[in-house]
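Notes for the one structure printed next.
The values are calculated or read from the model by the stated rules, or taken from the named source; none is laboratory data. Not measured: the values here are computed from a predicted model. We place every Cβ from the backbone using ideal geometry, glycine too, and count neighbours over all the protein chains shown. Keep in mind that these areas ignore ligands, DNA and RNA; they rest on the heavy atoms of the full protein, side chains included. Shrake-Rupley method; radii C 1.70, N 1.55, O 1.52, S 1.80 Å.
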Amino acid sequence: MTSEVCLLNDPEAVGLRAASIFRGRSEIAVASKGRFSVAVSGGSTPLRLYEILGSTLRNDIPWDRTEIFWADERCVPPGHEDSNYKGVYDALLSRIDIPAENIHRIKGEMSSEEGASEYEEELKRYFVNSGSYAFDLVILGLGVDGHTASLFPESTALSEKERFAVPVYVEKLRSWRITLTIPALNNSSSILFMVTGVKKAVIVKEILGDGGNRQKYPAGLISPVSGGVTWLIDREASSELDVAALEDLGILKDTGY
Ligand code: 6PG
């Protein structure tokens, strides 16, 4: 795995850089194999990315060759305010010209087990047809407890080795979700973490600092077998990081501030 960290000024800079990476990855994937597969996340941090893709860059991405999947979904109907599909639909999908069959949403309105099984089948169909079990890009967020997608600390989902998608009950949220598993994520060609805000400073230090704590957190287990991870972190979220140590490790790609 290759790893790089970009320290950027604010959430806007993180959104813009993510959009530029999204565009670059889509160009490379379409040029090499004619299609671009991306799994997107919920939460608030990537919403600005989706807005930029749906406005400034709406004519710059080959949407007809882009296949959109989700890293996770809350078990609610697609029109629900908590739906990750709805977040992406409102900011992006409703504003671009993309064939309906390119949108592979997780059916949050089904029972978590049924929704996960159906998504697993959808993923397998796509992977078998495309001849590769890897997403070209996965956009991930980071929770203050170290969760990513809907892989929470101490969840049984963390030990899943076979399936690509599983149902998970999140005790502290008292709700069911469906999530991609560690093997599905670690098969990806590239992973992009987007992290902003001072509330994330401690967990960012835990995962990227030199204390060796990363394995304690689901986000720290993301390590693509033959791909790369890029962290886009704003000034506030990186305020606890030892920047010199990252430089020594050779993983600091740039400091935009
Ligand atoms: C979700 C996510 C989740 C999210 C983090 C960060 O469905 O909520 O996929 O993993 O990315 O909780 O959320 P924020 O961006 O809102 O901080």
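Relative contact order of the chain: 26 percent, from C-alpha pairs under 8 Å at least 6 residues apart in sequence. Computed over the chain, the convex hull of the alpha-carbon atoms projects to a mean area of 12.5 nm².
The residues of the chain expose, per residue, 44 Å² of accessible area to a 1.4 Å probe. The share of accessible area on the stretch 24-107 that comes from carbon and sulfur is 46 percent, using a 1.4 angstrom probe. Carbon and sulfur together cover what percent of the accessible area of the stretch 178-257 at a 1.4 Å probe radius? Carbon and sulfur atoms account for 48 percent of the accessible area of the stretch 178-257.
For the chain, modelled as a GNM whose springs connect Cα atoms under 10 angstrom apart, the maximal fluctuation among Pro77, Pro167, Pro218 occurs at Pro77. Listed by chain and number, the lysines placed with their C-alpha closer than 30 angstrom to that of Lys205 are Lys161, Lys172, Lys216, Lys253; residues fewer than eight positions away on the same chain are left out. By the helix-only formula, in which each DSSP H run with n ≥ 4 contributes -39500 (n - 2.57) and the sum is divided by residues, the chain has a 222 nm mean residue ellipticity of -9000 deg cm²/dmol. Build a GNM of the chain with springs between Cα atoms under 10 Å apart, and of Val198, Val225, Val128 the one that fluctuates most is Val128. Which of the listed residues, Gly228, Ile178, Ser132, is farthest toward the dipole's positive end in the chain, when Lys, Arg count +1 and Asp, Glu count -1 at the beta-carbon? Highest projection toward the positive end goes to Ser132.
In the stretch 1-130, Cα pairs under 8 Å separated by at least six residues give a relative contact order of 22 percent.
Neighbours of Val198 by Cβ distance under 10 Å: Lys/Arg scored +1, Asp/Glu scored -1, total 0.
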